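**Student:** Below is the structure I would like to discuss, written out as structure tokens.
Values in this text are rule-based calculations from the coordinates and carry no lab data. What you are looking at is a predicted structure, and each value in this text was computed from that prediction instead of being measured. Neighbour counts run over all protein chains shown; Cβ positions are idealised from the backbone, glycine included.
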Amino acid sequence: MLRVENLQVYGLEPVSFSIARGECVAIGGVSGSGKTVLLRAIADLDMAEGHVFLRDQERTSMTGPQWRRHVRYSAAEPGWWAETPREHFPTGFQPDKTVEGLGLKRSHLDKSVSLLSTGERQRMALVRAMVDEPEVLLLDEPTGALDTKATGQAEQLIKNFINSGGTILLVSHDPAQVKRLATRKLSIRDGKLVGNQK
């Protein structure tokens, strides 16, 4: 599904690995090791030489926005550019039920983003990343600000995405979460990607 070949990211040696359809692969490493930089490069948000393929279609064959329609990056600290969460969803999409599944109220969709808690914004960002069904999700600490109950709800949404055939590259500092979600783990150590890369 997703194949990375000799991707040259700042601070890392050339990176190569692949992820199958319906698979979740975790990337570990100490803070500052390059995990977020790698995810952003795969999403074509930062300049990087090398090749990234979705199935057999190379990243460079699409514009950045077209690529990110299929390969979606969700940041640990998501950005918001409109007043309410609902304004961040594509026209015609109704995320209300998914929002409720994460322990939020539908009214949160029309509340000012500035009035939402950090955890509420993080859950809204997860819904926003999934709502139009991208093929690949690049999740950077998707539950870092959540309590145990909210984390469980978010993980269920992630599992549903995987079970429906979605592919996930996950950055998480929670070993228990990695064990619950990922089928394989890679690590960045001293600028090198190590682990089972196929």
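**Student:** I need the phi-derived Karplus couplings for the range 129-143: 6.51 cos²θ - 1.76 cosθ + 1.60, θ = phi - 60°, integer Hz, Gly and Pro marked x.
**Tutor:** 5, 9, 4, 9, 6, x, 7, 10, 10, 10, 9, 10, 6, x, 10
**Student:** Follow-up question, since we're still on this one. Quick one: compute the contact order of the chain, relative version, from alpha carbon pairs under 8 angstrom and 6+ residues apart, as a percent.
**Tutor:** Dividing the mean separation by the residue count of the chain yields 33 percent.
**Student:** According to the Kirkwood expression over distinct Cα-Cα pairs, how big is the hydrodynamic radius of the chain, in Å?
**Tutor:** Numbers: mean 1/r = 0.0584 Å⁻¹.
Hydrodynamic radius (Kirkwood, Cα pairs) of the chain is 17.1 Å.
**Student:** When 1/r is averaged over all different Cα pairs and the result inverted, which Kirkwood radius in Å belongs to the range 102-182? Write out the running numbers ahead of the final one.
**Tutor:** Working: mean 1/r = 0.0759 Å⁻¹.
About 13.2 Å for the range 102-182.
**Student:** Rounded to the nearest 500, what is the 222 nm mean residue ellipticity of the chain from helices alone, with -39500 (n - 2.57) per DSSP H run of 4+ residues and division by all residues? Display every interim value, and only then the final one.
**Tutor:** Numbers: 6 runs with 57 residues, N = 198.
The per-residue figure over the chain is -8500 deg cm²/dmol.
**Student:** Cα centroids of the range 86-163 and the range 1-39: how far apart, whole angstrom?
**Tutor:** The two parts, judged by their Cα centres, are 24 Å apart.
**Student:** At 0.36 nm per residue, and after removing the present C-alpha to C-alpha distance, how many nm does the segment from Asn6 to Arg189 gain when stretched out fully? Let's see the in-between values first.
**Tutor:** Values: separation 183, 0.36 × 183 = 65.88 nm, distance 1.68 nm.
Once the chain is fully extended between Asn6 and Arg189, it gains 64.2 nm.
**Student:** Restricting to bridges with both residues inside the chain, how much of the DSSP beta-bridge set is antiparallel, in percent to the nearest 5?
**Tutor:** Around 45 percent antiparallel, to the nearest 5.
**Student:** Hey, another quick one. With +1 assigned to the C-beta of every Lys and Arg and -1 to the C-beta of every Asp and Glu, and no other charges, what is the dipole magnitude of the chain about the Cα centre in debye, to the nearest 20? Let's see the in-between values first.
**Tutor:** Numbers: 26 positive and 24 negative charges, 102 e Å.
So the magnitude is around 500 debye.
**Student:** State the percent of C-alpha pairs, over all pairs in the range 140-198, separated by a distance greater than 20 angstrom.
**Tutor:** The answer is 28 percent, as a whole percent.
**Student:** How high is the FRET efficiency from Leu115 to His173, r the C-beta distance, R0 35 Å, rounded to 0.05?
**Tutor:** Approximately 0.80, to the nearest 0.05.
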